[in-house]
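Take a look at the structure set out below.
The values are calculated or read from the model by the stated rules, or taken from the named source; none is laboratory data. All values derive from a computational prediction rather than experimental measurement. Positions of Cβ are generated from backbone atoms using ideal geometry, with glycine treated the same way; all protein chains shown enter the neighbour counts. Each accessible area value is taken on the protein alone, full model and side chains, heavy atoms only, with ligands, DNA and RNA left out. Shrake-Rupley method; radii C 1.70, N 1.55, O 1.52, S 1.80 Å.
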Amino acid sequence: MKSLREILIEGAQKKTAIGHFNFSDLTAFRAIADASRELSLPVMVGLSEGERTAVSPKTAAALVSAARAEGVHIFLNADHTHSLDAAKIAAEAGFDEIIFDASRLPYEENLQQTIDAVRELKKINPELLIEGELGFIGANSQVLDVVPEESRRFTDPAQAAEFCKATGIDVLAPAVGTMHGMVRAMVSGNEHKHLDIPRIKQLSDFTGLPITLHGGSGTEDSDFVAGIEAGLRIVHVNTELRLAWREGMQQSLDELPNEIAPYKLMKNSYVRIKEIVSARLKLFNQIPY
Ligand SMILES: [Zn+2]
């Protein structure tokens, strides 16, 4: 199996991105893994610190290892990890990537904490990829009433170049037009997120690193395509899956008022999540759908 680093290099040549999907239960995990296997496309699964309270780092690593043994080209990421202690636990559990996120701190503190994190985490596993974050992309993958004002402050490419060089990170998460979560008009499909494509190109050129798009849910398809062309190599989608999980469960509860078998009630969530993951993986890999 190719390493995540190799997949990202290949993506730069082929102008594709690997899809990253969060999970916090077995239904979403199976839906993501099955979509990846059926399309023969690599995929990343991620757990935020909150999601790691539902699925422990060691459990997640065991699930990924089992899926690999079943032929799924799957990688595990510790999404938005705010403390070095939590990052070390993920590194020791065998994660492929860790997002060390000190982006809420002033620039100098973010820089110093990220330098320290890269040094400490690479001691545990030199092959581990570390993603640093610069700029505001929001906190929670939920349905929002308004777009947060801070999300209009985008990452400066020159500062990003300095940040990447000084920290030694492998991947950069900048603010380029998205934020975590979706506003209601995006859930109904009446509104979409738009990306600052020239900025993505500059960030890619200035840093020479793969760029990750966070908060991809609700982004216009053509923006995804142009963003990947410009340098996005990892694209995160979470809120769309959470909505699908909930809507699928609601449908099951409505249709099967007397059913109590969890795996039967989960069926609609599984089907909906898998549909979204399949469509996104095809889009990110330039496969018509
Ligand atoms: Zn994120």
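The number of residues in the stretch 50-87 being part of a loop (DSSP other than H, G, I, E, B) and within 16 Å of the ligand (Cβ to nearest atom) comes to 2.
The single condition among (1) open to solvent by less than 60 Å² (accessible area, probe 1.4 Å); (2) within 15 Å of Val225 (Cβ to Cβ); (3) more than 16 Å from the ligand (Cβ to nearest atom) that Lys201 does not satisfy is (1). Among the conditions (1) over 15 Å from Gln202 (Cα atoms); (2) surrounded by 14 or more Cβ atoms within 10 Å (Cβ to Cβ); (3) more than 13 Å from the ligand (Cβ to nearest atom), the only one that Cys164 does not satisfy is (1).
Go through the stretch 221-289 and tell me which helices (runs of 4 or more DSSP H), entirely inside it, have 1 or more residues that are surrounded by fewer than 13 Cβ atoms within 10 Å (Cβ to Cβ).
221-230, 239-255, 262-265
In the stretch 217-226, the qualifying residues are those that are within 16 Å of the ligand (Cβ to nearest atom) and without any contact (Cβ under 8 Å) to a residue 60 or more places away in the chain, and the one that is farthest from Asn190 (Cα to Cα) is Thr219.
All told, Ser217 falls short of being hydroxyl-bearing (Ser, Thr, Tyr), more than 17 Å from Asp156 (Cβ to Cβ) and open to solvent by 40 Å² or more (accessible area, probe 1.4 Å).
Put simply, of Ala60, Ala54, Ala69 the only residue that is farther than 22 Å from Gly11 by Cβ, hydrophobic (A, V, I, L, M, F, W, C) and either open to solvent by less than 50 Å² (accessible area, probe 1.4 Å) or touching a helix residue (DSSP H, G or I) at 6+ places or on another chain (Cβ under 6 Å) (or both) is Ala60. The residues of the stretch 169-183 that are near the ligand (Cβ under 10 Å from one of its atoms) and open to solvent by 10 Å² or more (accessible area, probe 1.4 Å) amount to a single one, His180.
Residues of the stretch 98-129 that are in contact (Cβ under 8 Å) with a residue 60 or more places away in the chain and either among the β-branched types (Val, Ile, Thr) or assigned to a helix (DSSP H, G or I) (or both): Ile99 alone. Inside the stretch 88-97, residues that are of a type outside the set (Lys, Arg), open to solvent by 10 Å² or more (accessible area, probe 1.4 Å) and in a helix (DSSP H, G or I) make up a count of 3. Given the condition small (Gly, Ala, Ser), in contact with a helix residue (DSSP H, G or I) (Cβ under 6 Å, 6 or more places away or on another chain) and surrounded by 24 or more Cβ atoms within 10 Å (Cβ to Cβ), answer yes or no: does some residue in the stretch 36-45 qualify? Within the stretch 36-45, none of the residues are small (Gly, Ala, Ser), in contact with a helix residue (DSSP H, G or I) (Cβ under 6 Å, 6 or more places away or on another chain) and surrounded by 24 or more Cβ atoms within 10 Å (Cβ to Cβ).
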